[in-house]
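Working notes, structure below.
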Amino acid sequence: MSVAKKQYKRITTKSLVEMKANREKISMLTAYDYTMAKIVDGAGIDVILVGDSASNVMAGHETTLPITLDQMIYHASSVVRGIDRCLVVVDLPFGSYQSDPKEALRSAIRIMKESGAHSIKLEGGKEVKDSIKRILNAGIPVMGHLGLTPQSIYKFGTYTVRAKEEEEAEKLIQDALMLERIGCFAIVLEKVPAKLAQKVAEALTIPVIGIGAGAGVDGQVLVTHDMLGMTHEFNPRFLRRYLDLYTEMTKAFEQYITDVKKQDFPNEDEQY
């Protein structure tokens, strides 16, 4: 049964919970700079994630681990200046919250104060419960992240699908219930079996947003550079490419080079 969509002038954490209740799917993409954020927000996206994937996409690192808190604040500040409507969520980077709840709170406060973002996201379940509670108690909205958690890549040793075995699946369910219970406003599930992700989404009243987690969740997130086809080497099953910008941009650059070499650019109309 189709449900009339509510028109939101601004998306808030409350909006997302309402969207789940109304069975309206939530759209979420990444952005790391002003120009991309302005385009994504103008298109009508619900949530922009300033992801620690900037470590890979923007800086060329192999993992998300090297990016710093200062760098995340820089990217988040750039994004916030480009948006009018969407909710902006910022990843707490590796090392800024895991060991000490007080450090976690200081990191979250810095992101909120210095970037103007609306919320933060961090990876993990019961092992980071105290850090999440400390941040929530300060009035900062928190999005959880379960399943494949890229900041723990050296622990897992692989980017393969998580929670395929019963024990890990049960832990994921319990962690999701715990995150809702202590006050998270949403959860990202990354690379988990579709049936398990749907089970989690149906068990929670807060939105579950998937990446490689099937269609039975409350929304989807992709890395914008991936779905636009700019990062052409990355080809996971869950990725749908909506454009092939790698090819199109390469053609444009090659044409520009040719025009400059042949003295075709600038022409008379392009000079003062």
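Worth pointing out:
- Rounded to the nearest 10 degrees, the inclination of helix 245-261 to the longest alpha-carbon principal axis of the chain is 20 degrees.
- Each residue of segment 223-240 is assigned a 3J(HN,Hα), and the resulting list reads 6, 4, 4, 6, 6, 8, x, 7, 9, 6, 7, 9, 9, x, 4, 6, 8, 9 Hz, derived from the Karplus form 6.51 cos²θ - 1.76 cosθ + 1.60 (θ = phi - 60°), x at Gly and Pro.
- Radius 15 Å from Cβ of GLN71, net charge of other residues (Lys, Arg +1; Asp, Glu -1): -4
- Phi to ³J(HN,Hα) by Karplus 6.51 cos²θ - 1.76 cosθ + 1.60 over segment 216-222, Hz, x for Gly, Pro: x, 9, 8, x, 9, 9, 9
- Accessible carbon and sulfur surface of segment 117-240 relative to its total accessible area, %, 1.4 Å: 50
- Only protein atoms count toward the accessible area here, which uses a 1.4 Å probe; on segment 11-95, the carbon and sulfur part of that area reaches 55 percent.
- Highest-fluctuation residue, ILE140, ILE209, ILE257 considered, GNM on the chain with Cα pairs under 10 Å: ILE257
- Cβ-based net charge around GLU103, under 12 Å, with every Lys or Arg adding one and every Asp or Glu removing one: +2
- Using a Gaussian network model of the chain in which every pair of alpha carbons under 10 angstrom is joined by a spring, one finds that among HIS61, HIS118, HIS145 the greatest mean-square fluctuation is at HIS61.
- Hypothetical label at GLN174: residues of segment 119-147 whose amide nitrogen lies under 12 Å (7 Å Cα-Cβ projection): 126-127
- Calculated from backbone phi, Karplus (6.51, -1.76, 1.60) coupling profile of segment 37-53 in Hz, x at Gly/Pro: 4, 5, 5, 5, 5, x, 6, x, 4, 7, 9, 9, 9, 8, x, 5, 4
- A Cβ-based charge dipole, computed about the Cα centre of the chain with Lys and Arg at +1 and Asp and Glu at -1, lands at about 1100 debye.
- Cleavage-rule hits (trypsin sites (Lys or Arg not before Pro)) in segment 67-167: DSSP loop, at most 16 neighbouring Cβ within 10 angstrom: ARG81, ARG85, LYS164
- When TYR32, TYR246 are compared by accessible surface with a 1.4 Å probe, the order from highest to lowest is TYR246, TYR32.
- Binned Cα-Cα distances of segment 169-263, short to long, each 5 Å bin given as a whole percent: 3, 13, 18, 15, 12, 9, 9, 6, 5, 4, 4, 2, 1, 0
- In the chain, helical runs assigned H by DSSP with n ≥ 4 each contribute -39500 (n - 2.57); averaged across all residues and rounded to the nearest 500, the mean residue ellipticity at 222 nm is -12000 deg cm²/dmol.
- Selected from GLU233, GLU168, GLU180 as most flexible by GNM, with the chain as the system and alpha-carbon contacts under 10 Å: GLU233
- Solvent-accessible heavy-atom area per residue, rounded to whole Å², over the chain at 1.4 Å: 54
- For LYS199, solvent-accessible area (1.4 Å; no DNA, RNA or ligand), Å²: 120
- The charge dipole of segment 202-267, taken about its Cα centre with unit charges on the Cβ atoms of Lys, Arg (+1), Asp and Glu (-1) only, comes to about 140 debye.
- Put simply, the amide H of ILE45, placed in the peptide plane, has no neighbours under 5 Å, leaving out anything fewer than 5 places away on its chain.
The values are calculated or read from the model by the stated rules, or taken from the named source; none is laboratory data. Worth saying up front: this structure is predicted, and the values here are computed from it rather than measured. Positions of Cβ are backbone-derived with ideal geometry, glycine not excepted, and every protein chain shown enters the neighbour counts. Each accessible area value is taken on the protein alone, full model and side chains, heavy atoms only, with ligands, DNA and RNA left out. Shrake-Rupley method; radii C 1.70, N 1.55, O 1.52, S 1.80 Å.
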